[in-house]
Amino acid sequence: MKAQWLQRDDADELIVVFGGWALGAAPFAHLGGSTDVLLFSDYRALDFDAEPFAPYARRNLIGYSFGVAAACHALASTELKFDRKVAVCGSLHPSDERFGIPPERVRQTADNLSETSLRQFARRAGSPLPGDCYIPALQAELLAVIARGCAPDPEFDRVWLARGDRIFPPENLEAAWRDQADRVRWLETGHNPFAAFTDWRDLLA
């Protein structure tokens, strides 16, 4: 995985973000706040270094899109505890006919991925692309997501879903979180819902 600090001001609180496929830091660029924020991406392998978390008195987790399942897989073998855990527009079943993105659609995306199709994906996701997209790595990441399968449930405290999501079918996300419906809040946005927020703490609400 790749790690990137989005905010680092020696705060006593850390937000760990597992981002979405191919989008990098762009969806979060406008968010502010007083916490430190560390973004993980690139889920071809879920190698994980917890050392940067050690100094913080409080730790929170946000998983976005494929980052929901990636976070759960990566953290399952650790003893890390989080004060608050939030899922955004994603599922524990990232590639699944009923609870995620249908596997055949993910495979077709990987098989046919090009600069043109990647730009089309970004438009559907509602986010610009970073400047360092490498097609073979993104293809390998999609295949790794399929192979990894369903993630263990860490019991998220809040689940944000979007009624206009064009990446994860909203009906699949509703089914995926039906047993935790009391934690779900729906937004009238697309797959990138972060324009509805201004501060990182708003996402943790």
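The values are calculated or read from the model by the stated rules, or taken from the named source; none is laboratory data. Please read all numbers here as calculations on a predicted model, not as lab measurements. Neighbour counts run over all protein chains shown; Cβ positions are idealised from the backbone, glycine included. Accessible surface areas use protein heavy atoms only, side chains included; no ligands, DNA or RNA. Shrake-Rupley method; radii C 1.70, N 1.55, O 1.52, S 1.80 Å.
What is the one condition in (1) more than 22 Å from A122 (Cα to Cα); (2) open to solvent by 30 Å² or more (accessible area, probe 1.4 Å); (3) part of a helix (DSSP H, G or I) that I146 does not satisfy?
(1)
Given the conditions (1) open to solvent by 20 Å² or more (accessible area, probe 1.4 Å); (2) assigned to a helix (DSSP H, G or I); (3) farther than 28 Å from D202 by Cα, and given that R98 satisfies all but one, which numbered condition is not satisfied?
Answer for R98: the failing condition is (2).
Pull up segment 170-181, narrow it to residues that are assigned to a helix (DSSP H, G or I) and closer than 23 Å to G126 by Cβ, then point me to the one that is least open to solvent (accessible area, probe 1.4 Å). Steps first, please.
First, the residues of segment 170-181 that are assigned to a helix (DSSP H, G or I): 170-176, 178-181.
From what is left, the residues that are closer than 23 Å to G126 by Cβ are 170-176.
Working: P170: 27, E171: 116, N172: 17, L173: 0, E174: 97, A175: 23, A176: 30 Å².
The selected residue is L173.
Enumerate the pairs (first residue in segment 36-53 and at pLDDT 95 or above and of a type in the set (S, T, Y); second residue anywhere and surrounded by fewer than 13 Cβ atoms within 10 Å (Cβ to Cβ) and outside any loop (DSSP other than H, G, I, E, B)) with beta-carbon separation below 6 Å, excluding pairs fewer than 6 apart on the same chain, so at least 6 apart or on different chains.
Short answer, once both residue conditions are applied: S41/K2.
Being without any contact (Cβ under 8 Å) to a residue 60 or more places away in the chain and not in a loop (DSSP other than H, G, I, E, B) is the filter; apply it to segment 182-201 and report the residue that is farthest from the chain's Cα centre (by Cα).
Selected residue: D182.
Mind checking whether some residue in segment 125-134 is surrounded by fewer than 18 Cβ atoms within 10 Å (Cβ to Cβ), under 15 Å from L23 (Cα atoms), touching a helix residue (DSSP H, G or I) at 6+ places or on another chain (Cβ under 7 Å) and of a type in the set (S, T, N, Q)?
The first filter runs over segment 125-134 and keeps only residues surrounded by fewer than 18 Cβ atoms within 10 Å (Cβ to Cβ), leaving 128-134.
Within this subset, residues satisfying the condition of being under 15 Å from L23 (Cα atoms) are 128-134.
Filter once more, so that each one left must be touching a helix residue (DSSP H, G or I) at 6+ places or on another chain (Cβ under 7 Å): 128-130, 133.
Narrowing the set further to residues that are of a type in the set (S, T, N, Q) leaves none.
So far as segment 125-134 goes, no, none of its residues is surrounded by fewer than 18 Cβ atoms within 10 Å (Cβ to Cβ), under 15 Å from L23 (Cα atoms), touching a helix residue (DSSP H, G or I) at 6+ places or on another chain (Cβ under 7 Å) and of a type in the set (S, T, N, Q).
Under 8 Å between Cβ atoms, at least 6 apart or on separate chains: pull out the pairs that start in segment 97-109 with a residue that is under 10 Å from V145 (Cβ atoms) and end on any residue that is surrounded by fewer than 14 Cβ atoms within 10 Å (Cβ to Cβ) and among the charged types (D, E, K, R).
Short answer, once both residue conditions are applied: P103/E97.
Across segment 129-178, what is the total count of residues that are over 14 Å from the mean Cα position of the chain (by Cα) and hydrophobic (A, V, I, L, M, F, W, C)?
14
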